[in-house]
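Encoded as structure tokens, the structure appears first; notes follow it.
Every read-out reported here was derived from the displayed coordinates using simple, explicitly stated rules and does not represent laboratory data. Source: prediction; values computed, not measured. Heads up, the Cβs are rebuilt from the backbone with ideal geometry, glycines too, and the neighbour counts pull from every protein chain shown.
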Amino acid sequence: ATLQQGQSPVHVGWRRLWGVLIFVGVVGATVLACIMWTPINYTVIFGVQGRYFLPALPLLAAALQTRTVRLQRPLDHWLVFGTVSVDILIVLNVYRLMALGA
């Protein structure tokens, strides 16, 4: 659905950029952690799964909304950013546990 007259996109400018950059950072950190976890003699990265990127997908979906591409239901952007922030903290905790060898 397109925006009605007087409505504006949910995220514009720097908010959109931050959303995309945070998503790229989460994906990059996940792949980096899997590369570090992979034994040296393997020819493929050990443990990369698409489900690891799921916590950051709501942020990417919200950040990429435009006048012609929008989510079906209006979402409160603070709820989306809060959810993703908590998910990122969970992922960072997993990285910490991996680094400690637990």
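Taking 0.36 nm per residue of sequence separation and subtracting the Cα-Cα distance, how much length would be gained by fully extending the chain between VAL27 and TYR42, in nm to one decimal? Walk me through the numbers on the way to the answer.
On the way: separation 15, 0.36 × 15 = 5.40 nm, distance 2.11 nm.
Stretched fully, the VAL27-TYR42 segment lengthens by 3.3 nm.
For the ranges 35-46, 54-65, 90-101, what's the packing order if you count other beta-carbon atoms within 10 Å of each residue, average per peptide, and put the highest first? Kindly include the intermediate steps, with their values, before the conclusion.
Working: 35-46: 9.0, 54-65: 18.3, 90-101: 11.3.
Order by mean packing, descending: 54-65, 90-101, 35-46.
Treat each spin label as a single point 7 Å out from the Cα along the C-beta direction, and report the TRP78 to ARG15 distance in nm.
It is 1.2 nm.
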